[in-house]
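A.B. asks: Pasting in a structure now, in structure tokens, and then I'll have a few things to ask.
Bear in mind these aren't lab numbers, they're just calculated from the coordinates by the rules spelled out. For clarity, every value in this text was computed on a predicted model and none was experimentally measured. As a convention, Cβ positions derive from the backbone with ideal geometry for all residues, glycine included, and neighbour counts pool all protein chains shown.
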Amino acid sequence: MSDFYKINIVTHDIYRLHDTSGDKYHPEKPGRITSVVEHLKKGMLSTNLNFIEANCPEREWILKIHNNNYLLRFEEACLAGKEYLAHPDNRISYNSFEAAFYSCGSGLTSIDYVEKQTDGVFFCLSRPPGHHSETSLALGFCFINNVAVAAKYWQEKYNRERIFVLDFDAHHGNGIQASFEEDPSVFYASIHEHPTFSFPGTGYADDNGSGKGIGATLNIPLKPGSGDKQVLEIMDTTIYDALERFKPDAIIVAAGFDAHIDDDMSGLAFSTRLYGEIGMRLFVMAKKFCDGRIISILEGGYNINALCNSIETYLAGISIKTGE
Ligand SMILES: [Zn+2]
């Protein structure tokens with residue numbers, strides 16, 4: 001008997017070809033994916049895993065968020081052998097444009113499976129990440145905003161009108177917020193290190209949307225050193241209440257693991273165990289508020305050991321059979 005539901009890992013080999021090694025210290029590297037796959041296959045969830053290949057999304061879906069000129073500039077830079085897009089952080093290689101498309105495709109593929117009522121939970125093990133990228137802007141290793149495109153896709157292809165995004169990456173997802181700050185149909189909640197101390201310097205608590213979208217953005221900045229105690233309290237009160245009020249049709253998790261205490265990309269101090277606790281709560285909340293419609297999309301997480309353990313623990317939490 002298995003103690004876990006099926007865990008669908010949506011990924012693609014092409015993610016390896018987004019090569020950032022021109023900067024040998026670049027933290028967003030192919031090993032982030034390959035190490036996690038190896039780790040999961042050897043670990044306690046191995047018999048529950050089901051690997052699914054991500055499809056390439058139609059360009060029209062990416063254009064819901066990004067500007068076509070920006071996509072052309074990105075593609076051109078890759079094909080021309082440029083080293084980065086807009087800033088040296090956003091290192092590129094010949095295949096990066098295609099990899100970014102397929103990275104975005106992992107979310108859309110997951111949504112298709114969820115809507116076909118496929119068993120189990122869905123985790124997009126994809127790169128490059130997306131939550132910092134904006135309409136015409138590559139930022140913070142991100143080129144195409146995977147979560148934002150997925151939210152639009154879920155709304156427009158399947159008429160799931162109200163999408164709740166929870167982002168627990170250490171950094172504020174400025175690109176997701178910018179995509180929906182005037183849109184009351186997509187709720188963006190982000191738990192991140194305080195912008196005074198952290199890239200990209202956005203996500204203050206009083207920033208709660210604009211125009212018709214006021215109230216559908218919820219920024220929860222944490223002081224450096226914050227960890228499990230603060231986050232669990234936020235999950236059980238602020239996030240729970242926001243979900244209850246918003247009444248989502250689906251939840252998308254921007255799942256970044258760089259707030260781990262061993263990850264030096266932030267001053268936060270999340271334990272490995274915390275990710276399991278977050279996963280368990282999300283499973284319960286998704287069931288309660290939106291009939292279990294939830295997908296998770298990888299964002300950051302750069303200490304490979306911490307990333308492997310944190311993803312495994314998160315997956316165990318979100319897929320555990322509670323015996324109801
Ligand atoms: Zn991050």
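A.B. asks: Can you pull out every residue in segment 23-78 that is under 25 Å from Asp112 (Cβ atoms) and in contact with a His (Cβ under 8 Å, 6 or more places away or on another chain)?
C.D. replies: Glu53, Ala54
A.B. asks: His192 is checked against (1) in a strand (DSSP E or B); (2) more than 20 Å from the chain's Cα centre (by Cα) and fails just one. What number does that condition carry?
C.D. replies: (2)
A.B. asks: If the requirement is being within 16 Å of the ligand (Cβ to nearest atom), of a type outside the set (S, T, N, Q) and over 26 Å from Ile320 (Cα atoms), which of these qualifies: Phe187, Phe197, Phe270?
C.D. replies: Exactly one of Phe187, Phe197, Phe270 is within 16 Å of the ligand (Cβ to nearest atom), of a type outside the set (S, T, N, Q) and over 26 Å from Ile320 (Cα atoms), namely Phe197.
A.B. asks: Can you say whether Val165 is more than 11 Å from the ligand (Cβ to nearest atom) and part of a strand (DSSP E or B), as far as the supplied structure shows?
C.D. replies: yes
A.B. asks: For a quick check of your reading of the model, give me the residue pairs whose first member lies in segment 60-72 and is in contact (Cβ under 8 Å) with a residue 12 or more places away in the chain, whose second is surrounded by 15 or more Cβ atoms within 10 Å (Cβ to Cβ) and of a type in the set (Lys, Arg), with beta-carbon atoms closer than 6 Å and at least 6 apart or on different chains.
C.D. replies: Lys64/Lys152
A.B. asks: Here is a further query. Among (1) within 17 Å of Tyr15 (Cα to Cα); (2) in contact with a strand residue (DSSP E or B) (Cβ under 8 Å, 6 or more places away or on another chain); (3) assigned to a helix (DSSP H, G or I), there is one condition Ile176 misses while meeting the rest; what is its number?
C.D. replies: The number of the failed condition is (1).
Table: residues versus (1) more than 25 Å from Tyr84 (Cα to Cα); (2) assigned to a helix (DSSP H, G or I); (3) within 16 Å of the ligand (Cβ to nearest atom).
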position	(1), (2), (3)
Glu156	yes, yes, no
Gly201	no, no, yes
Ala205	yes, no, no
Asn208	yes, no, no
Pro221	yes, no, yes
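A.B. asks: Tell me yes or no: at least one residue of segment 4-20 is farther than 23 Å from Ile295 by Cα, without any contact (Cβ under 8 Å) to a residue 60 or more places away in the chain and not in a helix (DSSP H, G or I).
C.D. replies: Looking for residues that are farther than 23 Å from Ile295 by Cα, without any contact (Cβ under 8 Å) to a residue 60 or more places away in the chain and not in a helix (DSSP H, G or I), one finds none in segment 4-20, hence no.
A.B. asks: Something else: Where the second residue is assigned to a loop (DSSP other than H, G, I, E, B) and more than 16 Å from the ligand (Cβ to nearest atom) and the first is touching a residue at least 60 places away in the same chain (Cβ under 8 Å) and charged (D, E, K, R) and lies in segment 123-137, which pairs have Cβ atoms under 8 Å and are six or more apart or on separate chains?
C.D. replies: Listed pairs, sorted by first residue: Arg127/His18; Arg127/Pro30.
A.B. asks: Still on this structure, please answer the following. State which residue is nearest to Phe141 (Cα to Cα) when the search covers only segment 298-320 and only residues that are within 12 Å of the ligand (Cβ to nearest atom) and aliphatic (A, V, I, L, M).
C.D. replies: Filtering first and then ranking leaves Leu298.
A.B. asks: Please state which one of Ile261, Ile297, Ile251 is buried (at least 19 other Cβ atoms within 10 Å of the Cβ) and closer than 27 Å to Asp89 by Cα.
C.D. replies: Ile297
A.B. asks: Next up: Out of segment 250-261, which residues are within 14 Å of the ligand (Cβ to nearest atom) and part of a loop (DSSP other than H, G, I, E, B)?
C.D. replies: Gly256, Phe257, Asp258, Ala259
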